[in-house]
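Comments concern the structure below.
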Amino acid sequence: MGKMKAVICTKYGPPEVLQLKEVGKPIPKHNEVLIKIHATAVTASDCIIRGFNMPGDHKFPMKQIMGLMMRLYVGFTKPRKPILGLVLSGVIESHGEDIKQFKTGDQVYGMTGYSFGGYAEYKCMTEKESKNGCLAIKPNNMSHQEAASVSYGGILAIHFMREMNIQSGQKVLIYGASGAIGTVAVQIAKSLGAEVIGVCGSSNAELVKSLGADKVIDYTNDGSINKLEVYDYILDAAGKNKKSNLKTASKNALKENGKYISVDDGLLELRSEYLKQLTELCEAGKIKAVTDSTYPLEQIVEAHRYVDQKHKKGNVVITI
Ligand SMILES: NC(=O)c1ccc[n+]([C@@H]2O[C@H](COP(=O)([O-])OP(=O)(O)OC[C@H]3O[C@@H](n4cnc5c(N)ncnc54)[C@H](OP(=O)(O)O)[C@@H]3O)[C@@H](O)[C@H]2O)c1
């Protein structure tokens with residue numbers, strides 16, 4: 001059996017539970033492609049799983065119920081699938097006989113869902129979307145690093161913004177505009193002609209403006225609450241664990257028929273259709289990848305330590 005490098009999550013805990021190991025190289029089944037991974041990313045979800053830190057702001061007993069659900073799905077004392085990593089970009093090295101949509105040499109990107117496995121040199125995936133992931137041809141104007149960078153925030157932004165029927169001129173407030181989801185959400189809202197108001201920390205104001213935001217509000221300054229206007233849509237792209245007085249105040253700043261959507265409301269569906277839409281937006285130059293920093297796979301612990309601080313700008317990429 002061939003071998004590959006992979007990062008194994010030995011138990012739930014701090015970044016140091018991650019260990020670089022040599023493991024068996026996977027062999028594709030009749031309905032799978034074998035992807036040689038060139039880049040992955042450390043997403044907020046990777047850190048949630050590794051550290052067993054629940055998303056959302058649930059209280060007793062919901063918090064305990066959610067914790068039990070997470071253990072049932074992911075593993076009781078450690079992840080059942082020990083190689084974490086929710087995103088990947090790479091090249092199809094070989095495939096089973098039933099593969100129709102892809103061929104050897106195709107450059108693909110996607111999300112791995114409950115099968116995880118992005119922190120490795122190789123990964124087998126089905127071409128059909130499922131809770132175990134979705135794949136598409138990567139944007140032809142992006143490197144593997146950029147494609148891995150944009151994939152998580154791209155799919156999440158498209159999924160959670162699908163109920164926003166944004167019309168030109170409408171006012172859209174994006175809370176958490178400097179994160180993985182927020183940086184894509186700002187660009188999507190702008191490309192639809194909205195007036196975009198991005199909320200982030202003061203050090204990220206220029207970044208959010210460069211993505212097209214018309215105005216930027218600093219959530220760390222309570223005086224900013226006076227800058228709130230009345231919005232057609234509000235997207236909480238930061239998640240319910242990330243709170244501020246401004247966020248609380250913004251909930252009263254919606255138009256009568258306006259919509260408030262949080263990325264923690266409902267579970268993400270992994271649809272290849274979202275990826276194809278993301279590819280089109282990237283190739284049309286409407287979305288660019290925002291990468292904070294890049295680490296080699298060997299420095300995954302450092303990358304997790306950084307993402308754990310909860311202030312990454314866009315995405316943290318891992319090269320393989
Ligand atoms: N429903 C689902 O199925 C699902 C799936 C996956 C993820 N999620 C949610 O999506 C979240 C991840 O989003 P992401 O990857 O975009 O996050 P992220 O990139 O980790 O967010 C980092 C950003 O959060 C901002 N931030 C930190 N504290 C904040 C606060 N109190 N108020 C406003 N912004 C704050 C930081 O901005 P500054 O540095 O400018 O302060 C930073 O740019 C998860 O935490 C989870 O809640 C939901």
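Please tell me if Ala303 is modelled with pLDDT of 95 or more, farther than 21 Å from Ala136 by Cβ, surrounded by 17 or more Cβ atoms within 10 Å (Cβ to Cβ) and within 16 Å of the ligand (Cβ to nearest atom). Yes. With respect to the conditions (1) more than 18 Å from Gly285 (Cβ to Cβ); (2) assigned by TED's automatic domain parsing to the domain that holds Val91, Asn141 falls short on a single one, namely (1).
Of the residues that make up the stretch 70-93, is at least one assigned to a strand (DSSP E or B), touching a helix residue (DSSP H, G or I) at 6+ places or on another chain (Cβ under 6 Å) and of a type in the set (Ser, Thr, Tyr)? Yes - at least one qualifying residue is present in the stretch 70-93.
Every residue, every condition in (1) without any contact (Cβ under 8 Å) to a residue 60 or more places away in the chain; (2) touching a Gly at 6+ places or on another chain (Cβ under 9 Å); (3) of a type in the set (D, E, K, R), yes or no:
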residue	(1), (2), (3)
Asn241	no, yes, no
Ala249	yes, no, no
Ala253	no, no, no
Lys286	no, no, yes
Asp308	no, yes, yes
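Restricting Leu88, Leu20, Leu34 to those that are in contact with a Cys (Cβ under 7 Å, 6 or more places away or on another chain) and either assigned by TED's automatic domain parsing to the domain that holds Ile181 or modelled with pLDDT of 95 or more (or both) reduces the list to Leu34.
Of all residue pairs spaced 6 or more apart or on separate chains, those with beta-carbon atoms under 9 Å, a first member in the stretch 132-150 that is farther than 15 Å from Asn315 by Cβ and a second member that is in a strand (DSSP E or B) and of a type in the set (Lys, Arg) are Gly133/Lys123. Screening the candidates Ala289, Ala249, Ala253 for the property of being within 14 Å of the ligand (Cβ to nearest atom), assigned by TED's automatic domain parsing to the domain that holds Ser178 and not charged (D, E, K, R) yields one hit, Ala249.
Residues that are within 9 Å of the ligand (Cβ to nearest atom), surrounded by 24 or more Cβ atoms within 10 Å (Cβ to Cβ) and not small (Gly, Ala, Ser) within the stretch 174-216 comprise Tyr175, Ile181, Thr183, Val184, Val199, Cys200, Val208, listed in sequence order.
Listed by first and then second residue, the pairs linking a residue in the stretch 106-117 that is touching a residue at least 40 places away in the same chain (Cβ under 8 Å) to a residue that is hydroxyl-bearing (Ser, Thr, Tyr) and surrounded by fewer than 18 Cβ atoms within 10 Å (Cβ to Cβ), with Cβ atoms under 7 Å apart and 6 or more places separating them unless they lie on different chains, are Tyr114/Tyr73.
Looking only at the stretch 152-173, decide whether some residue is in the same structural domain as Glu298 (by TED's automatic domain parsing), in a loop (DSSP other than H, G, I, E, B) and within 16 Å of the ligand (Cβ to nearest atom). No: the stretch 152-173 contains no residue that is in the same structural domain as Glu298 (by TED's automatic domain parsing), in a loop (DSSP other than H, G, I, E, B) and within 16 Å of the ligand (Cβ to nearest atom).
When residues in the stretch 245-297 are screened for being under 14 Å from Tyr175 (Cα atoms), in a helix (DSSP H, G or I) and of a type in the set (Lys, Arg), 1 of them pass. Does Lys310 satisfy the criteria of being surrounded by fewer than 21 Cβ atoms within 10 Å (Cβ to Cβ), out of contact with any Leu (no Cβ under 7 Å at 6 or more places or on another chain) and not assigned by TED's automatic domain parsing to the domain that holds Lys123? The answer is no for Lys310. Would a scan of the stretch 32-45 turn up a residue that is assigned to a helix (DSSP H, G or I), under 24 Å from the mean Cα position of the chain (by Cα) and within 16 Å of the ligand (Cβ to nearest atom)? There is at least one residue in the stretch 32-45 that is assigned to a helix (DSSP H, G or I), under 24 Å from the mean Cα position of the chain (by Cα) and within 16 Å of the ligand (Cβ to nearest atom).
Does the stretch 114-151 hold any residues that are within 16 Å of the ligand (Cβ to nearest atom) and not in a helix (DSSP H, G or I), and which are they? Matches in the stretch 114-151: Phe116, Gly118, Glu129, Ser130, Lys131, Asn132, Gly133, Cys134.
All but one of (1) more than 10 Å from the ligand (Cβ to nearest atom); (2) surrounded by fewer than 17 Cβ atoms within 10 Å (Cβ to Cβ); (3) closer than 23 Å to Cys47 by Cα hold for Leu235, so report the exception by its number. The one condition Leu235 does not meet is (2). Taking Ala213, is it at pLDDT 95 or above and either in the same structural domain as Asp46 (by TED's automatic domain parsing) or basic (Lys, Arg) (or both)? Here the answer is no, as Ala213 does not meet what is asked.
The values are calculated or read from the model by the stated rules, or taken from the named source; none is laboratory data. Keep in mind that what you see is a predicted model, and the values were worked out from it rather than measured. Every residue, glycine as well, gets a Cβ built from its backbone with ideal geometry; the counts of neighbours run over all protein chains shown.
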